[in-house]
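**Q** If you scroll down you'll find the structure; I have some questions about it.
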Amino acid sequence: VSSPDRTATLLESALPRAAITRRPADDLLGEIPVAAPDSAEQWSEVLRLAGRERLCVLPLGLGSKLGWLRTPERLDLALSSARFHGVSAFEAADGTITARAGTTLAALSEAVSATHHLSPEIALPRASTLGGVLAAGTSGLDRLRHGPVRHQVLGITVALADGSLVKSGGRVVKNVTGYDLHRLWCGSSGTLCVLLETTLRLYPRPAREAVLEARFADRAGALERARALVRSAVQPVAVVVEEQGSEWRLSLVLSGRDEIVAHDVDEMRRGLPGSVLHEGADAQRARADCATGSVRTARGRRWRSPAGRRVSRASSNDSTPRSPAAVSAPRSASSRSLRMSTSGSKVRASAGSSSTASSTATRSAGGALRRPS
Amino acid sequence: MTKALARELRRLLGPQGVIDEPTRLLPYESDALALLAVPPELVLLPRDTSQTAAALRLLARHGVPVVPRGAGTGLAGGATPVAGGVVVSTARMRDVLELNVEDRFARVQAGVVNVDLTGLCQHHGLLYAPDPSSQMACTIGGNVANNSGGPHCFKYGATTRHVLGLVIVTHDGDVLDLSEPVLDPLGYDLVGTFVGSEGTLGIATEVTVRLSPAPAAIEVLLALFRSLDDACDSVTDIIAARLEPSALEILDRLTIEAVERSVFAAGYPLDSEAVLLVELEGTEIDVAAQARDVLAILERHRPIEVRRARDPVKRKQLWAGRKGAFGAMGRIAPDLYVADAVVPRTKLRELVARTVEICREANLRLATVFHAGDGNLHPNICYDRRNPEEVKRVLEAGHRILAECVAAGGALTGEHGVGLEKLAEMELYFSADDLAAACRLRDAWDPDRRMNPGKVVPSHACLEVRSARRAGTGAAP
């Protein structure tokens, strides 16, 4: 391990002083130097340096998901996107936006809001960077309508561990030129590369939004109704069921053209007797509240092991990672704990806790087709 | 290839699973890119995942290269055999394994034909959205390999958006079961990485696809224009107005002529320079509202005429010319070079005009049919393959068109793939470092480089990766 002081001295040869800080020790990480490059060249430079000096690096956005994976056994340096932010191109007429990794999702949404909707619509857009969201592969409230986060990505430029700058995909909405490496990078949690610049596809800004809220005495009743709504002719943005006190709240999020939302609201109200309708700014508040449900209910839950079971000819006890398992998911996934920062207070689940102990459940509906959450 | 190996393969796959008689090997010499043909030594037709795995295990032991093949409708040479290798076709893997109407997904064997899956879904009010023009013949496995598109991908997205899971047989015959239908994978997205890899990372034997609800109402608008520019500008305006039709297709004058002289004649007036097809889907009110807005935009560009259809028979008539376009072009030229390029949708008019110019300069006849909504151009250059000088001009014009599209911020291929056809152009689009990263991905899946060798990534780019690794300086991606 390189001492923080030695690492900091090494960094000074590659980066301006303003780009080098320290992250004080906390319960996750010891004290480490943080490098915050502000150009692709600087990213390349600092990674080359780290490669030369055999330093272990941790790419970092705002750090809200640091506890999602086990803390690295060895760590010399954090690489922050804090100084690498901003929109490089917003092509309104083409419906695409290109931005640097440190841009917050709130800033991105704001940049396009006059004409477009930006997916994923995640819980804490001000506390999340584009790079962080993509690296963690977290989809948003609008997944039912627009699909998971990786479907929004048209192309990414990254820096690899040897400092080389590599692109996959592009800035056009349809493209099969070469491998979809950007899909592999999305959700790779900083284990393959540092994400630098990304192009996302955008969706039309809805003319009207509405949220219908109904309350149920039990979970089964709420879930049954939610499933029916997902299968109805109306195609909602989201259907969310969340435990609130002794009741279960079902929220139906609708958006689109004026006349269509008006029609859908009429139709759906009949299926949800006693429901409350939120419209305009009120609907936006209700919608944001649905999006943050996943953070509120994070306590006490664990991630399940990845879907990729390997059924090998040899035997199931052959645990030697080989290709393509060599590029496969972290094997520790089943024991990782979930940790999220929420406005100041931190909630943390111990690695051994059972998911059934969870007292709440949020469900972005979509039947069986969803990420275990 | 030894007789003993063929005998062993026949024992594994049965007599129907191995083809080695020269006359029966003939159809496997090329895919739809007929310019490139290589006779295969052996074609294997495994029946399921375990037979595929057994065959690949044996081939790995003997170090034999493998070319995966669906229906062979690919246009980029992705299924062209390689010398000394075998072709593994999925044609006998045609079972639908599961149709889950409640959760809207289907699990099928890779050889299921695209249109058969579509037909099966229809009975349940569901839809398998990707609809390549070859959908009558092409397989779901082939669609996965090429991340195929089609007219309706404008609204629904290409194949990768509709694949939830895969069962993959790897280069050495291992089976990787990623078939669980999850929207967000935990850990690395191996399914998303595999889709579009053109048979270089393994063979997908089973595919779990997402099904969409079939729309309640559909309307087709067909506008006839006096100039190609007017049609292109209409599309750019529809995109800029953030309207979302399910398809936006343009046919140019030569295509119209070909269609009108063929059995696909759709009654397009011969004095029109361009046809624009717009399809709208949704609930009744949704479609009515979209139609109103689209019509207003079309009117701004002074169409000769706009035809509309709601009922299935009349809709089919309006689509007849587009769906039959490629067949009809057989009437105007012996051979057709079907190019495939993508441009930003704000630059449609400019780039379409450039392709026309390039072909005029090269004295070539151009018929253009394209997925305008995606910016996906298909300039079809007419030629005669018996005229080598003309073939040379065609390939040069194709290269120039691609170079112009890339320079304008576009891409090399929107749906046909790289295959063998676009290897040289990969360097127009990617840097040496980009290609080296692609090689490392490939090596992680197939370290012996036996899966569809020589396709997708230029091999000299990979040679550099290999020598760097030997020297110990290359980092894993």
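The values are calculated or read from the model by the stated rules, or taken from the named source; none is laboratory data. These numbers come from a predicted model, not from an experiment. Positions of Cβ are backbone-derived with ideal geometry, glycine not excepted, and every protein chain shown enters the neighbour counts.
**Q** Of all residues in region B:16-32, which are under 14 Å from B:S89 (Cα atoms) and among the polar types (S, T, N, Q)?
**A** B:Q16, B:S30
Each row is one residue, and each column tells you yes or no for (1) in a strand (DSSP E or B); (2) of a type in the set (D, E); (3) modelled with pLDDT of 95 or more; (4) under 18 Å from B:R94 (Cβ atoms).
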residue	(1), (2), (3), (4)
B:A34	no, no, no, no
B:P39	no, no, no, no
B:S50	no, no, yes, yes
B:A54	no, no, yes, no
B:L58	no, no, yes, no
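**Q** In region A:124-139, which residue that is surrounded by fewer than 24 Cβ atoms within 10 Å (Cβ to Cβ) and not polar (S, T, N, Q) is farthest from the other protein chains (Cβ to nearest Cβ)?
**A** Ranking the qualifying residues of region A:124-139, first place goes to A:R126.
**Q** Could you say which residue among B:G85, B:G70, B:G17 is in contact with a Cys (Cβ under 8 Å, 6 or more places away or on another chain) and surrounded by 15 or more Cβ atoms within 10 Å (Cβ to Cβ)?
**A** On the way: B:G85 fails: in contact with a Cys (Cβ under 8 Å, 6 or more places away or on another chain); B:G17 fails: in contact with a Cys (Cβ under 8 Å, 6 or more places away or on another chain).
Only one candidate passes the filter, namely B:G70.
**Q** If B:L402 satisfies every condition in (1) away from chain A (no Cβ under 14 Å); (2) under 18 Å from the mean Cα position of the chain (by Cα); (3) more than 19 Å from B:P151 (Cα to Cα) but one, which is the exception?
**A** The one condition B:L402 does not meet is (1).
**Q** Turning to a different aspect of this structure: Any chance region B:136-157 includes a residue that's at pLDDT 95 or above, under 24 Å from B:S459 (Cβ atoms), surrounded by fewer than 22 Cβ atoms within 10 Å (Cβ to Cβ) and of a type outside the set (A, V, I, L, M, F, W, C)?
**A** Within region B:136-157, not a single residue is at pLDDT 95 or above, under 24 Å from B:S459 (Cβ atoms), surrounded by fewer than 22 Cβ atoms within 10 Å (Cβ to Cβ) and of a type outside the set (A, V, I, L, M, F, W, C).
**Q** Kindly check whether there is at least one residue in region B:57-70 that is without any contact (Cβ under 8 Å) to a residue 40 or more places away in the chain and closer than 30 Å to B:L178 by Cα. Reasoning before the result, please.
**A** First, pick out the residues of region B:57-70 that are without any contact (Cβ under 8 Å) to a residue 40 or more places away in the chain: B:61.
Filter once more, keeping what is closer than 30 Å to B:L178 by Cα: B:61.
Yes, there is a match, as at least one residue in region B:57-70 is without any contact (Cβ under 8 Å) to a residue 40 or more places away in the chain and closer than 30 Å to B:L178 by Cα.
**Q** Right, here's the next one. Has region A:142-161 got at least one residue that is touching a residue at least 40 places away in the same chain (Cβ under 8 Å), over 29 Å from B:F430 (Cα atoms) and within 9 Å of the chain's Cα centre (by Cα)?
**A** no
**Q** Give me a count of the residues in region B:416-433 that are within 8 Å of chain A (Cβ to nearest Cβ) and surrounded by fewer than 22 Cβ atoms within 10 Å (Cβ to Cβ).
**A** So the count comes out to 3.
**Q** Quick one: A:E73 ticks every box in (1) of a type outside the set (K, R); (2) away from every other protein chain (no Cβ under 14 Å); (3) surrounded by 14 or more Cβ atoms within 10 Å (Cβ to Cβ) bar one, so which box is it?
**A** (3)
**Q** Which condition does B:I358 not pass, out of (1) modelled with pLDDT of 95 or more; (2) surrounded by fewer than 22 Cβ atoms within 10 Å (Cβ to Cβ); (3) under 29 Å from B:S246 (Cα atoms), if it passes all the others?
**A** (3)
**Q** Hey, another quick one. Answer yes or no as to whether A:R201 is more than 23 Å from the chain's Cα centre (by Cα) and among the basic types (K, R).
**A** no
**Q** Just a yes or no: is a residue in region B:279-293 within 14 Å of chain A (Cβ to nearest Cβ), touching a helix residue (DSSP H, G or I) at 6+ places or on another chain (Cβ under 6 Å), closer than 19 Å to B:G150 by Cα and modelled with pLDDT of 95 or more?
**A** Yes, some residue in region B:279-293 is within 14 Å of chain A (Cβ to nearest Cβ), touching a helix residue (DSSP H, G or I) at 6+ places or on another chain (Cβ under 6 Å), closer than 19 Å to B:G150 by Cα and modelled with pLDDT of 95 or more.
**Q** Restricting attention to region A:241-258, which residues are assigned to a strand (DSSP E or B) and within 14 Å of chain B (Cβ to nearest Cβ)? Show your work before the answer.
**A** The first filter runs over region A:241-258 and keeps only residues assigned to a strand (DSSP E or B), leaving A:241-244, A:247-256.
A:L254, A:S255, A:G256, listed by residue number.
**Q** So, B:V82, is that one assigned to a strand (DSSP E or B) and either within 19 Å of B:G173 (Cβ to Cβ) or touching a residue at least 12 places away in the same chain (Cβ under 8 Å) (or both) or not?
**A** Here the answer is no, as B:V82 does not meet what is asked.
**Q** Could you list all residues from region B:262-278 that are within 15 Å of B:S246 (Cα to Cα) and either at pLDDT below 90 or of a type in the set (V, I, T) (or both)?
**A** Our first condition is that a residue be within 15 Å of B:S246 (Cα to Cα); within region B:262-278, this holds for B:276-278.
Across region B:262-278, the qualifying residue is only B:V278.
**Q** Output the residue which, of all residues in region A:80-95 that are within 19 Å of the chain's Cα centre (by Cα) and buried (at least 22 other Cβ atoms within 10 Å of the Cβ), is farthest from B:D374 (Cα to Cα).
**A** A:S80
**Q** Shifting gears a bit: Restricting attention to region B:31-47, does a residue exist that is crowded, with 20+ Cβ neighbours inside 10 Å, under 24 Å from the mean Cα position of the chain (by Cα) and closer than 14 Å to B:G173 by Cα?
**A** Checked region B:31-47: at least one residue is crowded, with 20+ Cβ neighbours inside 10 Å, under 24 Å from the mean Cα position of the chain (by Cα) and closer than 14 Å to B:G173 by Cα.
**Q** If a residue has to be of a type in the set (G, A, S) and on the phi > 0 side of the Ramachandran plot to count, how many in region B:135-154 make the cut? It would help to see each step written out before you state the result.
**A** Looking only at region B:135-154, we keep the residues that are of a type in the set (G, A, S), and these are B:137, B:141-142, B:145, B:148-150.
Checking the rest, the ones that are also on the phi > 0 side of the Ramachandran plot come to B:150.
Summing the residues that are of a type in the set (G, A, S) and on the phi > 0 side of the Ramachandran plot in region B:135-154 gives 1.
**Q** Looking only at region A:20-48, count every residue that is modelled with pLDDT under 95 and either within 20 Å of A:S164 (Cα to Cα) or among the aliphatic types (A, V, I, L, M) (or both) and tell me the total.
**A** Summing the residues that are modelled with pLDDT under 95 and either within 20 Å of A:S164 (Cα to Cα) or among the aliphatic types (A, V, I, L, M) (or both) in region A:20-48 gives 4.
**Q** Can we say B:D374 is closer than 30 Å to A:D258 by Cα, within 14 Å of another protein chain (Cβ to nearest Cβ) and among the acidic types (D, E)?
**A** Taking the combined requirement at face value, the residue satisfies it.
**Q** Quick check: is even one residue across region A:17-34 in contact with a helix residue (DSSP H, G or I) (Cβ under 6 Å, 6 or more places away or on another chain) and either of a type in the set (G, A, S) or closer than 20 Å to A:E197 by Cβ (or both)?
**A** No.
**Q** Considering only region B:436-461, state which residues are of a type outside the set (D, E, K, R) and more than 8 Å from chain A (Cβ to nearest Cβ).
**A** B:C439, B:M451, B:N452, B:P453, B:G454, B:P458, B:S459, B:H460, B:A461
**Q** If you scan region B:161-197, which residues turn out to be part of a helix (DSSP H, G or I) and more than 7 Å from chain A (Cβ to nearest Cβ)? Lay out the reasoning, then the answer.
**A** Looking only at region B:161-197, we keep the residues that are part of a helix (DSSP H, G or I), and these are B:161-162, B:190-194.
Residues satisfying the conditions are B:H162, B:V191, B:F194.
**Q** For B:L12, work out the one condition from (1) in a helix (DSSP H, G or I); (2) away from every other protein chain (no Cβ under 14 Å) it doesn't fulfil.
**A** Only one criterion in (1) in a helix (DSSP H, G or I); (2) away from every other protein chain (no Cβ under 14 Å) is unmet by B:L12, namely (2).
**Q** Okay, moving on. Mind listing whichever residues of region A:238-269 are touching a helix residue (DSSP H, G or I) at 6+ places or on another chain (Cβ under 7 Å) and either exposed (fewer than 15 other Cβ atoms within 10 Å of the Cβ) or of a type in the set (V, I, T) (or both)?
**A** A:V239, A:V240, A:V241, A:V253, A:E259, A:I260
**Q** Same structure again: Every residue in region B:225-260 that is away from chain A (no Cβ under 11 Å) and touching a Pro at 6+ places or on another chain (Cβ under 6 Å), please.
**A** B:F225, B:A247, B:E249
**Q** Does region A:98-106 contain any residue that is of a type in the set (D, E, K, R) and in a strand (DSSP E or B)?
**A** Yes, the conditions are met somewhere in region A:98-106.
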